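Enquirer: This is the structure I want to talk about, given as structure tokens.
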Amino acid sequence: MEKKPAKKSPGGVSRRDFIKGMGTGALGTAVLPPLLGQTIPTKKGRVPVYDKKTIALTVNGQKVGLAVEANETLLDVLRDKLDLTGAKRVCDRGECGGCTVLLDGAPVYACMYLAIRADGKAVKTVEGLAAGDKLHPVQEAFIEKDGYQCGFCTPGFLMTTSAFLEKNPAPSLDEIKQALSGNLCRCGNYAKIYGAVDAAAKKLRGA
Amino acid sequence: MREFKIAEPRTMDELAALLAESEEPVAMMAGGTDLIDELKSGVATAGLVVDLRTVAGLAGITPEKDGLRVGVMTRVVELAEDAVVARDYPSLKEAALSLATPQLRNVGTVGGNLCQRPRCWYYRDPQVVCRKKGGFNCFAFQGRNKYHAIFGGSGCFIVCPSDLAPALISLGAKATIGTAKGDKVVALEQFYAPPEVDVTRENVLAKGQFLKDVRVPAPKAGQRAAYVKLKERGTWDFALVSAAVAGVVNDGAFAEIAVVMGGVAPTPWRLRKAEDALRGKPVSEALVRQAAEAALKDASPMRENGFKADLVFAALKEAVMAAAA
Ligand SMILES: Cc1cc2nc3c(=O)[nH]c(=O)nc-3n(C[C@H](O)[C@H](O)[C@H](O)COP(=O)(O)OP(=O)(O)OC[C@H]3O[C@@H](n4cnc5c(N)ncnc54)[C@H](O)[C@@H]3O)c2cc1C
Ligand code: SF4
Ligand code: FES
Ligand code: FES
């Protein structure tokens, strides 16, 4: 998906609702933070609505606060605003796993997750896997076992694998295949990837 | 991705009011794993996306005395890993684990799964205006229809893509519909509506309404169930044909049985003729064949999807044998 500079939405809340929504609440509050959003009035009260929102999240252990558009995905924000290009944009529709990151520890597709929803969450990308210069055991195993060819799918596989092995430290080959079923490798390097995951599991168990 | 605003209602009252009163097209977002694709491609045209995640009380699995309540915002992974589901409803666990990929199950929800839009390639193409999108023609009918319906198509030949729906319906689940005027409970089977009711949507939800939870009745004594999903390939995929079977087995015969299929009709498809053929008779391959033949009398395959008739038999056999074993 190409990122185009944001334009003002022609759809969205009607102008009248917007003005009504701002009316009472915002009257005389010129110091209202600009990105706090608006509200839509309903018979059951005002519902908060955003075309942009300031969110606070943790990315690879660091606290980050930034403004995101309602229609930006987590992948857009990581790659284009935070310069973290480890998560790859490949299919951009939830079918390949190249964009896999960990959200509160669980692998998700960053291309299918709205950034606005990452507010308050912890995100881990492949850039945060190593501890300083010390590679993560999963990274070491992928290098030792040739777990990649072109390497484009590798960040996604690393993220899925690192989360999986924490849940299941001694997986069978079948369990490995199931766990990695959401990551595709265009080079077809699956046999070596499975071998690398097995080797990583052994490293992590100290076996 | 097209532009939209995102509303964050905090209560079901706010949600129902917002849905009922909005003058512009709105789309509810649960996990977003289906909706985001439609917003990117332009098939979904909502200017206002309503976040269900901020609404209190929509998530979670709660054991109740007459069964299990599953809130719509329960993530598929939670259903797949729930201990009560594993113990009492193994076919539901199987269906949950069969669906999509680990990454999508971590985000996708039960409600989103039950309300997901069809996968017909003409529908998913933003350039094509078929009957489902307000046009005059069903392009699948004359065109490419390998993955389309063999039962119940009338003017539109989509298939139910959900893995959870057939499993839940076979277990007798009910759906709670939230509205501004209070809740309505219907059999989950009745939640789905065929194209002749309104070709532009797949369920009975009217403007202002949302799916709130599903309730699965407590398992009966001796209840047996199985879910079988036949796919075109080994890794993730939607079902070509799936079969959910649930019932009570006595002396090698089903005393009670429900058979529901996915991938064969615009709605989850109940095979009542197969149920009648199977009920009360000792299970055997020959009996399953008779049952499949009885059900297939209602089938009207198109040019490219006749193979699904064979898969109806194959899925039924595997599911019946697994449940009866
Ligand atoms: C690559 C890929 C593979 C997939 N494979 C499968 C598969 O094998 N089997 C399968 O069943 N699905 C599959 N899916 C579809 C989908 O990811 C899952 O069904 C998922 O559970 C949808 O849930 P969600 O919460 O993300 O839905 P969302 O995208 O949030 O919502 C889906 C639709 O339902 C509506 N909706 C959501 N919640 C409600 C509610 N409470 N009331 C009314 N309307 C509501 C939304 O408006 C939207 O139109 C796949 C998707 C992808 C991208
Ligand atoms: S099957 Fe339905 S969605 Fe597909 S082209 Fe025909 S009318 Fe459109
Ligand atoms: S880029 Fe996200 S799954 Fe392919
Ligand atoms: S190594 Fe090339 S895509 Fe996997």
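The values are calculated or read from the model by the stated rules, or taken from the named source; none is laboratory data. Remember, predicted model here, so these are calculated numbers, not experimental data. Neighbour counts run over all protein chains shown; Cβ positions are idealised from the backbone, glycine included.
Enquirer: Among (1) more than 27 Å from B:Glu189 (Cβ to Cβ); (2) touching a residue at least 12 places away in the same chain (Cβ under 8 Å), where does B:Glu23 come up short?
Expert: Unmet for B:Glu23, out of (1) more than 27 Å from B:Glu189 (Cβ to Cβ); (2) touching a residue at least 12 places away in the same chain (Cβ under 8 Å): (2).
Enquirer: For residues that are touching a strand residue (DSSP E or B) at 6+ places or on another chain (Cβ under 7 Å) and touching a residue at least 40 places away in the same chain (Cβ under 8 Å), tally how many sit in segment B:2-20. Break it down into steps so the answer makes sense when it comes.
Expert: First pass over segment B:2-20, keeping only residues touching a strand residue (DSSP E or B) at 6+ places or on another chain (Cβ under 7 Å): B:4-9, B:12, B:14-19.
Checking the rest, the ones that are also touching a residue at least 40 places away in the same chain (Cβ under 8 Å) come to B:4-9, B:12, B:14-17, B:19.
Going through segment B:2-20 one residue at a time, the tally reaches 12.
Condition check ((1) in a loop (DSSP other than H, G, I, E, B); (2) within 19 Å of A:Lys52 (Cα to Cα); (3) away from ligand 1 (no atom under 12 Å from the Cβ)) across all residues:
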site: B:Asp13; (1), (2), (3): no, no, yes
site: B:Glu23; (1), (2), (3): yes, no, yes
site: B:Thr33; (1), (2), (3): yes, no, no
site: B:Val55; (1), (2), (3): yes, no, no
site: B:Thr62; (1), (2), (3): no, no, yes
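Enquirer: Within segment A:74-131, considering only strands (runs of 3 or more DSSP E) that don't extend past its boundaries, which have at least 3 residues that are at the interface with chain B (Cβ under 10 Å from one of its Cβ atoms)?
Expert: Numbers: elements: A:100-103, A:106-109, A:122-124.
Of the strands (runs of 3 or more DSSP E) lying wholly inside segment A:74-131, those with at least 3 residues that are at the interface with chain B (Cβ under 10 Å from one of its Cβ atoms) span A:100-103, A:106-109.
Enquirer: Same structure again: Outside the structural domain of B:Lys231 (by TED's automatic domain parsing), within 12 Å of ligand 1 (Cβ to nearest atom), closer than 30 Å to A:Phe157 by Cβ and touching a residue at least 12 places away in the same chain (Cβ under 8 Å): is that true of B:Gly108 in this structure?
Expert: On the way: outside the structural domain of B:Lys231 (by TED's automatic domain parsing): yes; within 12 Å of ligand 1 (Cβ to nearest atom): yes; closer than 30 Å to A:Phe157 by Cβ: yes; touching a residue at least 12 places away in the same chain (Cβ under 8 Å): yes.
So B:Gly108 passes the test.
Enquirer: Going through B:Thr54, B:Thr74, B:Thr62, B:Thr11 one at a time, which residue ends up being more than 25 Å from B:Lys133 (Cβ to Cβ), more than 7 Å from every other protein chain (Cβ to nearest Cβ) and crowded, with 22+ Cβ neighbours inside 10 Å? If you could, list the steps in order and put the result at the bottom.
Expert: Values: B:Thr54 fails: crowded, with 22+ Cβ neighbours inside 10 Å; B:Thr62 fails: crowded, with 22+ Cβ neighbours inside 10 Å; B:Thr11 fails: crowded, with 22+ Cβ neighbours inside 10 Å.
Residue meeting the stated conditions: B:Thr74.
Enquirer: From B:Gly178, B:Gly172, B:Gly182, B:Gly152, grab the single residue that is on the phi > 0 side of the Ramachandran plot and in contact with a Leu (Cβ under 9 Å, 6 or more places away or on another chain). First the steps, then the outcome.
Expert: Working: B:Gly178 fails: on the phi > 0 side of the Ramachandran plot; B:Gly182 fails: in contact with a Leu (Cβ under 9 Å, 6 or more places away or on another chain); B:Gly152 fails: in contact with a Leu (Cβ under 9 Å, 6 or more places away or on another chain).
After applying the criteria, what remains is B:Gly172.
Enquirer: Here is a follow-up. For segment B:74-170, list the helices (runs of 4 or more DSSP H) that sit wholly inside it and hold at least 1 residues that are more than 9 Å from ligand 2 (Cβ to nearest atom) and among the charged types (D, E, K, R); which are they? Walk me through it before giving the result.
Expert: Details: elements: B:76-81, B:83-88, B:90-97, B:102-105, B:110-115, B:121-124, B:139-142, B:164-170.
Correct list: B:76-81, B:83-88, B:90-97, B:102-105.
Enquirer: Failed condition for B:Glu81, given (1) surrounded by 18 or more Cβ atoms within 10 Å (Cβ to Cβ); (2) over 19 Å from B:Val199 (Cβ atoms); (3) more than 19 Å from the chain's Cα centre (by Cα), with all others met?
Expert: Only one criterion is unmet by B:Glu81, namely (1).
Enquirer: Counting only residues that are of a type in the set (Gly, Ala, Ser) and surrounded by 24 or more Cβ atoms within 10 Å (Cβ to Cβ), how many does segment B:84-99 have? Show your work before the answer.
Expert: Just the residues of segment B:84-99 that are of a type in the set (Gly, Ala, Ser), to begin with: B:86, B:91, B:95-96, B:98.
Still in the list and also surrounded by 24 or more Cβ atoms within 10 Å (Cβ to Cβ): B:91, B:95-96.
Total meeting the criteria: 3.
Enquirer: For segment B:21-49, how many residues meet the condition of being at the interface with another protein chain (Cβ under 8 Å from one of its Cβ atoms) and closer than 18 Å to B:Gly111 by Cβ?
Expert: Matching residues across segment B:21-49 total 8.
Enquirer: Taking A:Ala141 as the residue in question, decide whether it is within 16 Å of ligand 4 (Cβ to nearest atom), farther than 27 Å from B:Asp34 by Cα and in contact (Cβ under 8 Å) with a residue 60 or more places away in the chain. Lay out the reasoning, then the answer.
Expert: Numbers: within 16 Å of ligand 4 (Cβ to nearest atom): yes; farther than 27 Å from B:Asp34 by Cα: yes; in contact (Cβ under 8 Å) with a residue 60 or more places away in the chain: yes.
So A:Ala141 passes the test.
Enquirer: Follow-up question, since we're still on this one. Out of all the residues in segment B:174-183, is one or more basic (Lys, Arg) and over 19 Å from B:Leu52 (Cβ atoms)?
Expert: Going through segment B:174-183, the residues basic (Lys, Arg) turn out to be B:174, B:181.
Still in the list and also over 19 Å from B:Leu52 (Cβ atoms): B:174, B:181.
The answer is yes, given that some residue of segment B:174-183 is basic (Lys, Arg) and over 19 Å from B:Leu52 (Cβ atoms).
Enquirer: Kindly check whether there is at least one residue in segment B:134-149 that is buried (at least 24 other Cβ atoms within 10 Å of the Cβ) and in contact with a strand residue (DSSP E or B) (Cβ under 9 Å, 6 or more places away or on another chain).
Expert: For segment B:134-149, residues buried (at least 24 other Cβ atoms within 10 Å of the Cβ) and in contact with a strand residue (DSSP E or B) (Cβ under 9 Å, 6 or more places away or on another chain): present.
Enquirer: Looking for something among the polar types (S, T, N, Q), within 16 Å of ligand 4 (Cβ to nearest atom), touching a residue at least 40 places away in the same chain (Cβ under 8 Å) and within 13 Å of chain B (Cβ to nearest Cβ) - is there at least one such residue anywhere in segment A:183-194? Don't jump to the end; show me each part of the working.
Expert: First, the residues of segment A:183-194 that are among the polar types (S, T, N, Q): A:183, A:189.
Narrowing further to those that are within 16 Å of ligand 4 (Cβ to nearest atom): A:183, A:189.
This time we only want the ones that are touching a residue at least 40 places away in the same chain (Cβ under 8 Å), so: A:183, A:189.
Then keep just the ones that are within 13 Å of chain B (Cβ to nearest Cβ); that gives A:183.
So far as segment A:183-194 goes, yes, one or more of its residues are among the polar types (S, T, N, Q), within 16 Å of ligand 4 (Cβ to nearest atom), touching a residue at least 40 places away in the same chain (Cβ under 8 Å) and within 13 Å of chain B (Cβ to nearest Cβ).
Quick grid of which residues meet (1) modelled with pLDDT of 95 or more; (2) out of contact with any helix residue (DSSP H, G or I) (no Cβ under 9 Å at 6 or more places or on another chain); (3) part of a loop (DSSP other than H, G, I, E, B); (4) of a type outside the set (Lys, Arg):
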{"site": "A:Asp146", "(1), (2), (3), (4)": "yes, no, yes, yes"}
{"site": "A:Phe152", "(1), (2), (3), (4)": "yes, yes, yes, yes"}
{"site": "A:Glu166", "(1), (2), (3), (4)": "yes, no, no, yes"}
{"site": "A:Gly188", "(1), (2), (3), (4)": "yes, yes, yes, yes"}
{"site": "A:Val197", "(1), (2), (3), (4)": "yes, no, no, yes"}
